[in-house]
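Structure record follows, encoded as structure tokens.
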Amino acid sequence: MEFLKLLVKAPAKINLSLDVLHKRPDGYHEVEMIMTTIDLADRLELTLLDRDEIQIISHNRFVPDDQRNLAYQAGLLLKERFSIKKGVAITIEKNIPVAAGLAGGSSDAAAALKGLNKLWNLGLTIDELAELGAKIGSDVSFCVYGGTALATGRGEIISKLPSPPTCWVVLAKPHIGVSTADVYRRLDLSKIQHPNTKKMIEAIERDEFNGVCSQIGNVLEDVTLKLYPEVALIKDQMKRFGADAVLMSGSGPTVFGLVQHDSRMQRVYNGLRGFCHQVYAVRLLGERHTLD
């Protein structure tokens, strides 16, 4: 089927668990992460161009419109790999906060890969797209699949997991950006307390909300909290307002709270809006994407 224009959703992710095992010879860190998608998404509109170029269009001034943009890199990778002479205009409606630890850029890249696969009639499978995504960034493979997964290696080896127990996710992002590379550079591997990834997987498999809440953990949190006291403040406030479990996502600075009941979610959400401009209340998505 010939497409001239496509709309693709790019959901954010949170880390229910993030562990760093050791530094690898290639300079990356060996990680063990449990990630799940949430109902907060960017929207990408892909328009086929006859001329051989990639355009990025966004009204968000923090979104680069050149080769720094991961969706641009996705288009360039496919063009070079498959000798594509057509172009594309990618309009990004940004709803996921930028530099937030929610994989917004990686999800945009994954959405671009999936959309361009259709737009340019490449016929690639979802596994092939995920493999290509790993060349763009560590979270892109997960974002191609979506759902819930254990990510190992540098984050590109994806093992599917069942959806976590249904709940609300309240997110709060302070007005700062965090450099992931800087956080990893400051991480002291000899002093970290490792989360129990196995127990988290068991809690997810048994659909135990309290079990998931008791096993959340992120070894990058201590580093970011020391660098940015405002992240620690948001975390404390979220606990005080009654979230069932509270954790920083990725390298931060976004903090999320898992909340089971609607009334308590409303209390946490309203309370945080007094401390933070960017506050969201969304559901877990949990289900894996398809190419349909």
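The values are calculated or read from the model by the stated rules, or taken from the named source; none is laboratory data. Everything numeric here is computed off the predicted structure, so don't read it as measured data. As a convention, Cβ positions derive from the backbone with ideal geometry for all residues, glycine included, and neighbour counts pool all protein chains shown. Each accessible area value is taken on the protein alone, full model and side chains, heavy atoms only, with ligands, DNA and RNA left out. Shrake-Rupley method; radii C 1.70, N 1.55, O 1.52, S 1.80 Å.
Here are some notes:
- The Cβ shell under 15 Å around Lys94 holds other residues with a net charge of 0, Lys and Arg each +1, Asp and Glu each -1.
- Each residue of segment 243-248 was assigned a 3J(HN,Hα) from its phi angle through the Karplus expression (A = 6.51, B = -1.76, C = 1.60, θ = phi - 60°), giving 5, 6, 8, 9, 7, 7 Hz with x at Gly and Pro.
- Computed from backbone phi, the HN-Hα couplings of segment 275-285 come to 10, 8, 6, 9, 10, 9, 10, 9, 9, 5, 8 Hz, rounded to whole numbers (Karplus: 6.51 cos²θ - 1.76 cosθ + 1.60, θ = phi - 60°; Gly and Pro given as x).
- Using the Cβ of Val223 as centre and a radius below 11 Å, the other residues enclosed give a net charge of 0, where K and R count +1 and D and E count -1.
- The spacing between segment 244-290 and segment 134-174, judged by their C-alpha centroids, is 16 Å.
- Normalised per residue, the accessible area of the chain is 46 Å², obtained with a 1.4 Å probe and no contribution from ligands, DNA or RNA.
- Accessible surface of Asp207 - all protein chains present, 1.4 Å probe, nearest 10 Å²: 100
- Cα-based reach from Lys23 at 13 Å (exclusive), listing aspartates and glutamates while leaving out same-chain residues under 8 positions away: Glu32, Asp188
- Listed cross-link partners Lys13/Lys118; Lys79/Lys198; Lys5/Lys135 are compared with a 30 Å cut-off, the Cα-Cα value being larger for Lys79/Lys198.
- Lys94 sits with roughly 40 Å² accessible to a 1.4 Å probe, with DNA, RNA and ligands left out of the calculation.
- Counting only Cβ charges, +1 for Lys and Arg and -1 for Asp and Glu, the dipole size of the chain around its Cα centre is about 480 debye.
- Computed about its Cα centre, the charge dipole of segment 196-251 is approximately 140 debye, with only Lys, Arg, Asp and Glu carrying charge at their Cβ.
- As a rough guide to protection, the peptides 57-65, 106-114 ranked by mean Cβ packing within 10 Å, highest first, stand as 106-114, 57-65.
- Segment 1-146, dipole about Cα centre (Lys/Arg Cβ +1, Asp/Glu Cβ -1), debye to the nearest 20: 260
- Per-residue Karplus couplings for segment 118-125, computed as 6.51 cos²θ - 1.76 cosθ + 1.60 with θ equal to phi - 60°, are listed in order as 7, 4, 9, 6, 8, x, 7, 7 Hz, Gly and Pro entered as x.
- With DNA, RNA and ligands ignored, accessible area of Leu284 (1.4 Å probe; Å², nearest 10): 30
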